[in-house]
Amino acid sequence: MDQTGQAGGTQVGAQGAHADPVRGDILVVEDTPASLQLLSRLLTDAGYRVREAPNGELALWSAQAQAPELVLLDVRMPGIDGYEVCSRLKRMPGLDEVPVIFLSAHSDTDDKLRGFQVGGVDFISKPFQFEEVNARVQSHLKIRRLQQQLAAHNDRLQKESRQRLAEIAHLNRNASATVYCAALMHELNQPLAAIMSNAEAAELFLKMNPPQLDDVAEILSDIQRDDRRASDLIQRMRELLKKSDPVVQKLDLNDVVRQVCTLLSGEARMRRIVLEMQLAPQVLPVAADPIQLQQVLINLVLNAFDAMAQLADGARAVCLATRRNGNTAEVLVSDQGCGFPEGHERVFESFFTTKPHGMGLGLSIAAAIVQAHGGSIWARNNADGGATVGFALPGQP
Ligand SMILES: Nc1ncnc2c1ncn2[C@@H]1O[C@H](COP(=O)(O)OP(=O)(O)OP(=O)(O)O)[C@@H](O)[C@H]1O
Ligand SMILES: [Mg+2]
């Protein structure tokens, strides 16, 4: 194969070498030894770090051993040709984004099209002018580096926003801690009272003559069961309040609604609100973090409670309904309260509140959590008064 690097190239190289000692790590793949050496020397003189590969196999091996920043790849080579090398590179993890510039003596339109189809970014015809090679290499390296910076920047932003969401969500969870504590105390009362009356009964059985040991054994197992119930409750509360990374698992949405109703039943009783469930008859499997889903629901139900504060006793009711809707599983929280204010699209924004002591975080956190689960959330006023807030999550098989 005959091609020549033109004299001008070395000149550019000399300038480049002063500007930046290492301008890029380039893998040159070319089967003709003379061309390989020439291109390699010109690029080295121009300040690039150059690796040489005399055929496709060695090129792939070298790229895998250490990813180059750019590949100059001859199209026609014995063994695997340039197109094949390129498409294999594009399938290798970590190498798929490395720009590949083809070098070809037969660069008609079809050749070029094929080169772009297998993932090449540019085409240089042989015999080449080194100035052209250098200019194209430089601009593709620049594009690649800018892309990398952008991706790193994006990653950082995403990480920061996830962290911020986690912090705010935790804050909101702590703010609801009083409600959880009230619910916990109420819930704990039941097993504790049962344990106490069982213990008293056991004492009586033991005082009998002869002591009724069978009855005592039965009572002890009841006490153990109640104790487990109490510690489950405490555990659930602990999970709700601790700062932990979300763990996505397969859940029945109906179960989550039941748990939240149990958790908030004490609060509902205190506020004289009837908490009603209308659950879909079938299981509603979703993939979600259970604690985060509980948090969404707690925020919606507490809002519904707040919305009915001014209503007369006996008129306060909140309904939690679930249903399957196509491929999604939905929860709807409806109340008969004051309804959303005018221009209520803003209620999902952080810090939007109409309450004197509200933080304006509940709905924005609910929305962030639902969206992070691939779902959607909406809010609307009911035709017959009050409001409904619903969310849908992708259903699981
Ligand atoms: N069920 C509802 N009925 C009527 N208005 C509602 C309802 N839910 C939310 N809103 C309105 O949306 C606003 C934002 O709700 P959001 O839960 O985000 O914040 P908040 O309840 O004010 O404060 P917090 O951070 O304590 O939840 C509320 O202040 C209220 O005006
Ligand atoms: Mg709220």
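Could you tell me what percent of the DSSP beta bridges with both partners in the chain are antiparallel, to the nearest 5? Percent antiparallel among DSSP bridges in the chain is about 55. Candidate cross-link partners of K112 among the aspartates and glutamates, defined by an alpha-carbon separation under 18 Å and a same-chain spacing of 8 or more, comprise E30, D74, D81, E84, D122, E132.
Within a straight-line Cα-Cα reach of under 13 Å, K207 can be paired with the following aspartates and glutamates, leaving aside sequence neighbours fewer than 8 residues apart in one chain: D215.
Find, among the chymotrypsin sites (Phe, Trp or Tyr not before Pro) in segment 347-397, those assigned to loop by DSSP (not H, G, I, E, B) with at most 10 other beta-carbon atoms within 10 angstrom. Counting only loop positions with at most 10 other Cβ atoms within 10 Å, the chymotrypsin sites (Phe, Trp or Tyr not before Pro) in segment 347-397 are F351.
Hey, fewest Cβ within 10 Å first, where do K142, K126, K90 land in order? Please list the in-between numbers first.
On the way: K142 11, K126 19, K90 15.
Fewest-to-most ranking of K142, K126, K90: K142, K90, K126.
Taking GluC sites (Glu not before Pro) as exposed when their DSSP state is a loop state and no more than 15 other Cβ atoms lie within 10 Å, the longest site-free interval of the chain runs over 98-341.
Taking a cut-off of 13 Å between Cα atoms, list the aspartates and glutamates near K250, but don't count ones fewer than 8 places away on the same chain. Reachable aspartates and glutamates: D289.
Which of V248, V100 has the fewest other C-beta atoms within 10 Å, and how do the rest follow up to the most?
Numbers: V248 13, V100 26.
Ordered from fewest to most neighbouring Cβ atoms within 10 Å, V248, V100 come out as V248, V100.
Computed per residue of the chain from DSSP H runs no shorter than four, each worth -39500 (n - 2.57), the mean residue ellipticity at 222 nm is -18000 deg cm²/dmol. Of C319, C86, the sequence from fewest to most neighbouring Cβ atoms within 10 angstrom is C319, C86.
Each value in this text was obtained by applying a stated rule to the coordinates, not by laboratory testing. Note that this is a predicted model, so its numbers are computed, not measured. Backbone-built Cβ (ideal geometry, glycine too); neighbour counts: all protein chains shown.
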